[in-house]
Amino acid sequence: MNTNTSVPVFEEIVKAYDAKVYKLCWYLLKNRSDAQDCTQDIFIAIFQGLPSFKQESTLNTWIYRISTNKCYEYIRRKKRKKRFGIHVQIDAFFSQTISSQQHNPEEIALAAEKSLFFWKAVEKLPLQQQIAYTLFNVEDMSYQEIAAALQTSVSAVESLLFRARRKLAEALAAWDNK
């Protein structure tokens, strides 16, 4: 693919995937600024890799593979900078995800607190589980698509999701026992 034809193709890819890639980054990195930076890095990688894209997988899978790899890199870089582990503040939006369904101030506050607790529990999952959980529940990807994006087997994805759900259920049970 020459450079002249790749620019219009790239523009179409950006239009089709910009919001999806950003949303994935936001859920994995839990910080708006980091998600914006990582999204930009992902589209740079897509643009640079477009001429060598061999269509051995779908464009969707290829983009999510690049996206998850870039998020991994971003998280590893942040962990190296913070010797005492990663502690990223969750954007205010995450605390409002459930509260928008409530009507009185007490319900809103409780829903926001529970939402924040849940997303912190997701953040504590091992990275592979966190990514698989996010791709499945936020991006609505199938097990096969997740396996392709993570370069693993469908059974490994099933296992990752099972363990993630079990850990999240335990965390929510602890919340309910408060």
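The values are calculated or read from the model by the stated rules, or taken from the named source; none is laboratory data. Everything numeric in this text was worked out from a predicted model, so none of it was measured. Positions of Cβ are generated from backbone atoms using ideal geometry, with glycine treated the same way; all protein chains shown enter the neighbour counts.
Here's the yes/no breakdown for (1) modelled with pLDDT of 90 or more; (2) more than 20 Å from Lys120 (Cα to Cα):
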residue: Val21; (1), (2): yes, yes
residue: Leu29; (1), (2): no, no
residue: Ser33; (1), (2): no, no
residue: Asp37; (1), (2): yes, yes
residue: Asp41; (1), (2): yes, yes
residue: Lys54; (1), (2): no, yes
residue: Ile63; (1), (2): yes, yes
residue: Ser67; (1), (2): yes, yes
residue: Tyr72; (1), (2): no, no
Determine which member of the set Ile63, Ile13 is of a type in the set (A, V, I, L, M), closer than 21 Å to Gln130 by Cβ and surrounded by 15 or more Cβ atoms within 10 Å (Cβ to Cβ).
-> Ile63
Look through region 126-178, keep the residues that are of a type in the set (Val, Ile, Thr) and not in a helix (DSSP H, G or I), and return whichever of them is modelled with the highest pLDDT.
-> Thr152
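Mind checking which residues of region 132-155 are among the aliphatic types (A, V, I, L, M) and more than 20 Å from Ile66 (Cβ to Cβ)?
Looking only at region 132-155, we keep the residues that are among the aliphatic types (A, V, I, L, M), and these are 132, 135, 138, 141, 146-150, 154.
Correct list: Val154 only.
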Check off (1) modelled with pLDDT of 80 or more; (2) touching a Lys or Arg at 6+ places or on another chain (Cβ under 6 Å) for Asp91 and give me the number that stays unchecked.
-> (1)
Report, by residue number, each residue of region 128-178 that is of a type in the set (Asp, Glu) and surrounded by 12 or more Cβ atoms within 10 Å (Cβ to Cβ).
-> Glu139, Glu145, Glu158
